[in-house]
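Shown next, in structure tokens, is the structure this report addresses.
Values in this text are rule-based calculations from the coordinates and carry no lab data. The structure displayed is predicted, hence computed values, not measured ones. Glycine also receives a Cβ, built like all others from the backbone with ideal geometry; neighbour counts cover every protein chain displayed.
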Amino acid sequence: MAGLLVLLWIAGDPALASLRYERSAIDHGQIWRLLTGNLVHANGRHLLLNLAGLGLVTLLFPGEYSWRQWLMIGVAGMVAVAAGLWWASPQVEWYVGLSGVLHGLLAAGAIAWWRSRLRWLAVWLMGILIAKLLGEHWFGAVGWSGDLDVIVDAHLYGAVGGTLAGAILSGWCRPAALDTGVPPDAPGPV
């Protein structure tokens, strides 16, 4: 993922212009922008902040999910950011960056910690994440954002998407019809 983000940044302004979430372009049929806006960045500092966040997720949760599950969580975060911006934040004309998805990855990681019996860490991380989201909505973006115009709504939407994906992957939101009474990590028939 980090390599893709760097390659898109190296591609420069043409990639940014054709991939960013841009409401008017999406209105005219360029629907790929709903997801690709999460993959391009406003500048090098923005990219470095998001790469640092991706590195943090990698360090905190090295074996909590398979790479496919992380991909599903990431896509869920992208979809949640896109849906949230489109329907709940129509005032947002354009958006770039991975930070909304990163909030979703952190939320899913906290759910994995809860599932693996690291409950005090899960509560601690979710508490920090919720406090950050509330603080951003009351007081604006955190200070290290610099001169970036941060769309804090994307953080909330991404966190919701990651929480839902993590809960589904953990079996918390499994439909009753699929509940066999056997834990998902139990060995299969011998």
Open item on the list: Which chymotrypsin sites (Phe, Trp or Tyr not before Pro) in the stretch 4-43 sit in a loop by DSSP (not H, G, I, E or B) and have at most 13 other Cβ atoms within 10 Å of their own Cβ?
Closed with: 32
Open item on the list: As I understand it, the value is the acute angle between the Cα axis of helix 152-169 and the longest principal axis of the Cα atoms of the chain; what does it come to in degrees, rounded to 10?
Closed with: 20 degrees
Task: Förster-model FRET efficiency, 25 Å R0, residue 88 and residue 32, C-beta, rounded to 0.05 - done: 0.75
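Whole number please: convex hull volume per residue, Cα atoms of the chain, in Å³.
Details: hull volume 28.2 nm³, N = 190.
Measuring per residue, one finds 148 Å³ for the Cα hull of the chain.
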Task: Max mean-square fluctuation residue, GNM over the chain, Cα-Cα springs under 10 Å, options 66, 18, 99 - done: 66
Open item on the list: For the chain, what does the relative contact order come out to in percent, with C-alpha contacts under 8 Å and a separation of six or more?
Closed with: 24 percent
Task: Most mobile of 19, 48, 164 in a GNM of the chain (Cα contacts under 10 Å) - done: 48
Open item on the list: For the chain, take the longest principal axis of its alpha carbons; what is the angle in degrees between that and the long axis of helix 67-83, to the nearest 10 within 0 to 90?
Closed with: 50 degrees
Task: Mean residue ellipticity (222 nm) of the chain, computed from DSSP H runs ≥ 4 via -39,500 (n - 2.57), nearest 500 - done: -19000 deg cm²/dmol
